[in-house]
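> Please find one structure pasted underneath; my questions will follow.
The values are calculated or read from the model by the stated rules, or taken from the named source; none is laboratory data. Treat the numbers as computed from the prediction; the structure is a model and nothing was measured. Here the Cβ is made from the backbone with ideal geometry for all residues, glycine too, and neighbour counts use every protein chain on show. For accessibility, only protein heavy atoms count, side chains too; no ligands or nucleic acids. Shrake-Rupley method; radii C 1.70, N 1.55, O 1.52, S 1.80 Å.
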Amino acid sequence: MSTAAADTPAAGTAKPSIWRAFAQPSAWTMFFFGFASGLPFLLVAGTLAYWLREGGIELREITMIASAGMAYSFKFLWAPLVDRWRLPLLGRLGQRRGWLLLAMLLVMVGLVAMSVFTPERLAPFVALTLAVALAGATLDIAVDAYRVEIAPPSQQGALVATYSLGYRIALIVTGALALVLADHTIWPNVYRAMAACMLVPVVACLLAPEPEVLRARTYGWAAGLREGVVEPFADFFRRFGGRIGVVLLLFILSMKISDQALIGGIIGPFYLDQGFSKTEIAAVTKVYGIWIGIVGVFLGGVAVARWGVQWPLLVAIVLGAASNLLYLALIGANGDIGMLTLVISGENLAQGFLGTAAVAYLSALVNQRYTATQYALFSSLIMLPGKVLGFYAGAIVEANEGYGAYFVLSAVLALPAVGLFFWLRRRVPLAAADDRLAADAAAQ
């Protein structure tokens, strides 16, 4: 247990101070760590697709290469390793900061290497893209674990808020700024600049405190494997039962499929094919769209605070699926900025709302004894189906000789989540969790 966590009982005797929560050094540490987590995400998926498209790569191959971000969907597989193994060469920094620094450095080196090889040497370039994605997913695991351990529950809302702010600023930098830079210089220079941006979080990592956590000791590989890998998954099925547990996992898999289906390599080429310049795309989708998404996040937090977790999640799933159909209006838009702005407004608002509702729901399912591994599992599964669909997006578009069928498919595939929601609603009561999560969801 961390020192901060030990202070929780005392803190519970007085009304929490919002100012104190946001003024704590850890809140601003999480801002930089959030920036670090967000930096590689688009560079191995969305932004990468523009580089590949301009390099003459076929659409089918673009969506497959840009699906390297699927590594984020499997991070639960090595989350126990990050949770328990202390890195030998970085041991002085501690369990959490050692992994944070290693992942940040790997992302930097990987981005620079991508700028050297370029898509002209496709095989090593794809391998490097996958390596950066794996490093970015590992960074996500380490950041989540650091956040949970560095402060008590009463201050987690502020940490999540500053983390989210840093993450979204990173999306603006790697989305909007990267595209604008690409209009004035070559893509390798853009990726070198993005790698340099990681230097600031590296400094923050070196200056940040290590969480003071007393970890349970296990003796031998068998005991360590059971406690770190087997127990987090066994606990889930003990609490919910076999049948409900399986349906819960299916629900998690399906709830954000429409959202994730448009994040990969398909959407960049789509914008270019409709006559928009990279600067126009950056301004509308990567700057304006990010802030509209923040509005959606806030509205989702208000909805969860007012009505609990479940009903806002149902509304969010329906809105998220319906918003994908807005892209049908962009087909043949021929560079109509007004239409692009309207579509992005609806899509990003729904995306932000769904993101908050989904985080609140997943958080309610976690046993805090296994927070890092179980949350890594849930957050991985929620992205997986959309990433798989995105992998085949180019082939679907080419087979149907147009983008329309793909947008309709991405919306229709969210319908099973609605049915699973009603099956689970009374079997997995979350009313007790609603009060606990309301403040944190509103902060997001």
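> State whether segment 324-405 is rounded, prolate or oblate according to the following rule on the C-alpha gyration tensor (a ≥ b ≥ c being the square roots of its eigenvalues): a/c under 1.5 gives rounded; otherwise a/b larger than b/c gives prolate, and the remaining case gives oblate. Intermediate results must be reported in sequence, preceding the final value.
Details: a/c = 4.70, a/b = 1.84, b/c = 2.55.
Since a/c reaches 1.5 but b/c is at least a/b, the shape of segment 324-405 is classed as oblate.
> R0 = 25 Å: FRET efficiency of A322 with L249, Cβ-based, nearest 0.05?
Numbers: r = 25 Å, r/R0 = 0.99.
Plugging the Cβ-Cβ distance into 1/(1 + (r/R0)^6) gives 0.50.
> Another question about this same structure. How do the peptides 289-302, 392-405 rank, highest first, by the average count of neighbouring beta carbon atoms within 10 Å per residue? Intermediate results must be reported in sequence, preceding the final value.
Numbers: 289-302: 20.7, 392-405: 16.6.
Order by mean packing, descending: 289-302, 392-405.
> Run the quick spin-label model on R86 and N400: label points 7 Å from Cα toward the beta carbon, then report their separation in nm to one decimal.
Once both label points are built, they end up 5.4 nm from each other.
> Please list the non-local residues whose amide H lies under 5 Å from the amide H of F276, H modeled 1.01 Å from N, same-chain partners needing a gap of 5 or more.
For F276, whose amide H was placed from the backbone, the distant partners under 5 Å are G335.
> Still on this model: Need one word for segment 361-416: rounded, prolate or oblate. Basis is the Cα gyration tensor (sqrt eigenvalues a ≥ b ≥ c); a/c below 1.5 gives rounded, then a/b vs b/c decides. Mind showing how you got there, number by number?
Details: a/c = 6.47, a/b = 2.85, b/c = 2.27.
Prolate is the answer for segment 361-416, as a/c is 1.5 or above and a/b outweighs b/c.
> Still on this model: Rounded, prolate or oblate for segment 275-340? Axes are the square roots of the Cα gyration tensor eigenvalues, ordered a ≥ b ≥ c, and the cut-off for rounded is a/c under 1.5.
On the way: a/c = 4.70, a/b = 1.97, b/c = 2.39.
Oblate shape, in that a/c is at least 1.5 and b/c is the bigger or equal ratio.
> Now, a different point. Which ³J(HN,Hα) values in Hz, rounded to whole numbers, follow from the phi angles of segment 81-95 under the Karplus curve 6.51 cos²θ - 1.76 cosθ + 1.60, where θ = phi - 60° and Gly and Pro get x?
Whole-Hz 3J(HN,Hα) from phi for segment 81-95: 5, 5, 5, 10, 8, 8, 5, x, 6, 10, x, 5, 6, x, 4.
> Right, next: So how do V112, V304 rank on accessible area, 1.4 Å probe, biggest first, that is with the largest at the start? Walk me through the intermediate numbers first.
Details: V112 65, V304 0 Å².
So the residues, ranked largest to smallest area, are V112, V304.
> Please calculate how many Å² of accessible area segment 78-123 carries per residue, with a 1.4 Å probe and no DNA, RNA or ligand atoms counted.
Per-residue accessible area for segment 78-123 comes out at 51 Å².
> Can you work out the accessible area per residue across segment 327-382, with the rest of the protein chains kept in place, probe 1.4 Å, in square angstrom? Before the final figure, lay out the partial values.
Numbers: 1800 Å² over 56 residues.
On a per-residue basis, segment 327-382 sits at 32 Å².
> Counting only heavy atoms of the protein chains, get the accessible area per residue of segment 225-308 (1.4 Å probe) and round it to a whole Å² value.
Numbers: 3240 Å² over 84 residues.
Spelled out: the 1.4 Å probe surface of segment 225-308, per residue, equals 39 Å².
> Please give the FRET efficiency for R426 paired with W291, using the beta carbon to beta carbon distance and R0 = 35 Å, rounded to the nearest 0.05. All intermediate terms of the calculation are to be shown ahead of the outcome.
Values: r = 38 Å, r/R0 = 1.08.
Rounded to the nearest 0.05, the efficiency is 0.40.
> Now for a separate question. Between L206 and V230, what is the spin-label point distance in nm, taking each point 7 Å from the Cα along the Cα→C-beta axis?
Each label point lies 7 Å from its Cα, and together they span 4.3 nm.
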